[in-house]
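Step one of this worksheet: look at the structure below.
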Amino acid sequence: MLNHSLRLRTLVAGFAIVLILSCAVTNLAQSGRRARKSEPSPASTPEPEPSPSPSVSREKPKPRFIFTVGLDRHDLFANLPMYAYEGVLKHFVDRLEESPVVQVGGAQGNMSRGEAIQKAKADREGYVIYLQLALDSLSSNTQNSSSPDIIIEYSVLAAVTGKQVTYGRTYSQAQRGRGSILNPRSSTVYGDRYVNQAAQEAADRIMAYFRSHGPVPPPPSNRP
């Protein structure tokens, strides 16, 4: 009987010790979890704004040919219609400016040949194109029509020297056989279409000359 009571006390004591140890371990674990602090989340750094790319300056390339165009109106006895002068100067200059290597530095509608030479000698670079109009007296259309055929004479003068580089003529009569145009007169401002086409042909011939010959080299300097 004594032994049974002793065993019972031993079991109760052992159970109590196990229960105490279990509670102690649980409290220790909970205190450990409470003591552990959550790590602060890293502060978000704002992304740097992309700096604007430097603007690339797209400069227009320097033209290979610089022209000044002068049209002679000093011939008071030419009996040319006024629309012819306006149309020739406009269409001639417009055709030159179609080329990306050309710059027309100026256009004058009243320039004599002497003034054109002086202008060329005063320039340091480029060329002066001198235009002159005349009636095509050999054309039957000139004698029988209110829209006469016209001859366009052109001379290209070099800068500094004023020497003639190239020259030639175009004819509005020659344009009549190139395709059918129902209305030969475009307007009173721009003149006869055939005359304007002859002006464009003159510009084309000048550019064709420079494409085959290139720019005229500058004269040698007199400096030692």
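The values are calculated or read from the model by the stated rules, or taken from the named source; none is laboratory data. Every value quoted in this text rests on a predicted model; they were computed, and no experiment measured them. Because the Cβ atoms are built from the backbone with ideal geometry, glycine has one as well, and the counts that use them run over all protein chains shown.
Computed quantities for the displayed model
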item: Residue, surrounded by the most Cβ atoms within 10 Å (Cβ to Cβ), within the range 63-91, restricted to residues that are among the aromatic types (Phe, Trp, Tyr) and under 17 Å from residue 119 (Cβ atoms); result: 67
item: Residue count for the range 182-195, restricted to those that are at pLDDT 50 or above and either closer than 15 Å to residue 69 by Cβ or in a loop (DSSP other than H, G, I, E, B) (or both); result: 1
item: Selected residue (only one of 120, 107 is of a type in the set (A, V, I, L, M, F, W, C) and at pLDDT 95 or above); result: 120
item: Filter result for residue 115 (in contact (Cβ under 8 Å) with a residue 40 or more places away in the chain, surrounded by fewer than 15 Cβ atoms within 10 Å (Cβ to Cβ) and not β-branched (Val, Ile, Thr)); result: no
item: Candidate set from the range 152-161 (those that are in contact (Cβ under 8 Å) with a residue 24 or more places away in the chain and in contact with a strand residue (DSSP E or B) (Cβ under 8 Å, 6 or more places away or on another chain)); member that is nearest to residue 75 (Cα to Cα); result: 152
item: Number of the condition not met by residue 106 [criteria: (1) closer than 16 Å to residue 208 by Cα; (2) surrounded by fewer than 15 Cβ atoms within 10 Å (Cβ to Cβ)]; result: (1)
item: Some residue of the range 161-180 being at pLDDT 90 or above, surrounded by 14 or more Cβ atoms within 10 Å (Cβ to Cβ), among the β-branched types (Val, Ile, Thr) and farther than 20 Å from residue 88 by Cβ; result: yes
item: Conditions (1) of a type in the set (Asp, Glu); (2) buried (at least 16 other Cβ atoms within 10 Å of the Cβ); (3) over 18 Å from residue 218 (Cα atoms): number failed by residue 153; result: (2)
item: Of all residues in the range 118-142 being under 23 Å from residue 195 (Cα atoms), hydroxyl-bearing (Ser, Thr, Tyr) and in contact with a Leu (Cβ under 7 Å, 6 or more places away or on another chain), the one that is surrounded by the fewest Cβ atoms within 10 Å (Cβ to Cβ); result: 142
item: Residue 136 vs. criteria over 16 Å from residue 88 (Cβ atoms) and acidic (Asp, Glu); result: no
item: Among the candidates 89, 71, residue that is in a strand (DSSP E or B), at pLDDT 60 or above, among the aliphatic types (A, V, I, L, M) and under 32 Å from the mean Cα position of the chain (by Cα); result: 71
item: Within the range 92-123, tally of residues that are charged (D, E, K, R), under 30 Å from the mean Cα position of the chain (by Cα) and over 18 Å from residue 204 (Cα atoms); result: 2
